[in-house]
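The values are calculated or read from the model by the stated rules, or taken from the named source; none is laboratory data. Please read these numbers as outputs of a predicted model, since none were measured by experiment. Every residue, glycine as well, gets a Cβ built from its backbone with ideal geometry; the counts of neighbours run over all protein chains shown. All accessible areas refer to the heavy atoms of the entire protein, side chains included, with ligands and DNA or RNA removed. Shrake-Rupley method; radii C 1.70, N 1.55, O 1.52, S 1.80 Å.
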Amino acid sequence: MRVEYREEPCKSALNAVKGMGFKWSLNPYMGCVHRCTFCYVRHFEHRSDRPSDDRYGTSIRVKTNVAEVLRKELARASWPHEHVAIGAATDPYQPAEGKYKLTRACLQTLRDASNPFSIITRGPMIVRDLDVLVDAAQRASVSVTFSIPTVDEEVWKLTEPSTAHPRQRLKAVKALVDAGVNARVGMAPILPGISDRPEQLRDVVRGAREAGATGIWANLLFLRPGTREHFLTHLAEDWPEQLPLYKELYAGKAYLGAELMKPVRAEVSRLAREHGIGDRRALKLAPPPQPEQLSLSF
């Protein structure tokens, strides 16, 4: 796949977010070469009248000045010093990061400001920045989530064609945890009828336990416009026998109901308890406790 890299400066680095578990996001790049068939970002591309089909990921915007802009934003008196989520709309450790090192520069900036942050990625390249993560985790809350929906070879190859092997991601989890960084696994998205068999779920949970992951969570596939059309097209090619099921499950809706979501999450939680997944780090990096404020008596 031929990829165009557009080096374009940005006017802002931090994005205000609504309806999510965080208020601020940061994306050093826009677009992603991973080409995951289920990528939810395709929906936002579709909504913005940009290509959400196989053309998505062939043009990557490189925000060449993102770290400098971030530094200025963090220095503002009005900045509330809140948590920043990195990688909500693109993988910050996709191959371009090897050349541009924008994610590393942003991590250094957040570290220098002692600002809390989290990262979600499929990229083992994050291990390169272990030195920065270790420093940052001793100044503010830092966490990393590796997206590992499956370790099934066939499912991985067909749905995440340009990502690192799931076992490589698990090795990266272990490297981070061994260094004291809080690193967990996100099993998302789990694909009904494709990657939700008990043995498939167990294999991921077992791998996360062996890697020392501090936690694990799961979510099923969302099919919003843009993502929906692309995913179903590839489903018809790779698992045509599953197409009727998906048309029935997602008829007129993007999200599956609790009757389907809860059993999968409950099974992952049960497996996590069975395998003893939890924060078992020998070294738990954390910022120093805040000085206790004394109350004055009059």
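Selection of segment 97-126 for residues being surrounded by fewer than 22 Cβ atoms within 10 Å (Cβ to Cβ), among the aliphatic types (A, V, I, L, M) and either modelled with pLDDT under 95 or in a strand (DSSP E or B) (or both) yields only ILE120.
Taking every residue in segment 243-258 that is among the hydrophobic types (A, V, I, L, M, F, W, C) and pairing it with any residue that is in a helix (DSSP H, G or I) and open to solvent by less than 80 Å² (accessible area, probe 1.4 Å), at least 6 positions away or on another chain, the pairs with Cβ-Cβ distances below 9 Å are LEU243/LEU232; LEU243/LEU235; LEU243/ALA236; LEU249/LEU260; ALA254/HIS43; ALA254/THR227; ALA254/ARG228; LEU256/LEU249. Of these, ARG111, ARG71, ARG104, ARG55, which one is farther than 23 Å from ARG6 by Cα and out of contact with any strand residue (DSSP E or B) (no Cβ under 7 Å at 6 or more places or on another chain)? Matching residue, one of ARG111, ARG71, ARG104, ARG55: ARG111. If you go through segment 129-142 and pick out every residue that is outside any loop (DSSP other than H, G, I, E, B), in contact (Cβ under 8 Å) with a residue 60 or more places away in the chain and open to solvent by 20 Å² or more (accessible area, probe 1.4 Å), you end up with 1. For LEU158, the conditions (1) out of contact with any strand residue (DSSP E or B) (no Cβ under 8 Å at 6 or more places or on another chain); (2) among the aliphatic types (A, V, I, L, M); (3) open to solvent by less than 30 Å² (accessible area, probe 1.4 Å) are fulfilled apart from (3).
Evaluating VAL151 against the criteria (1) without any contact (Cβ under 8 Å) to a residue 12 or more places away in the chain; (2) part of a loop (DSSP other than H, G, I, E, B) leaves one unmet condition, (1).
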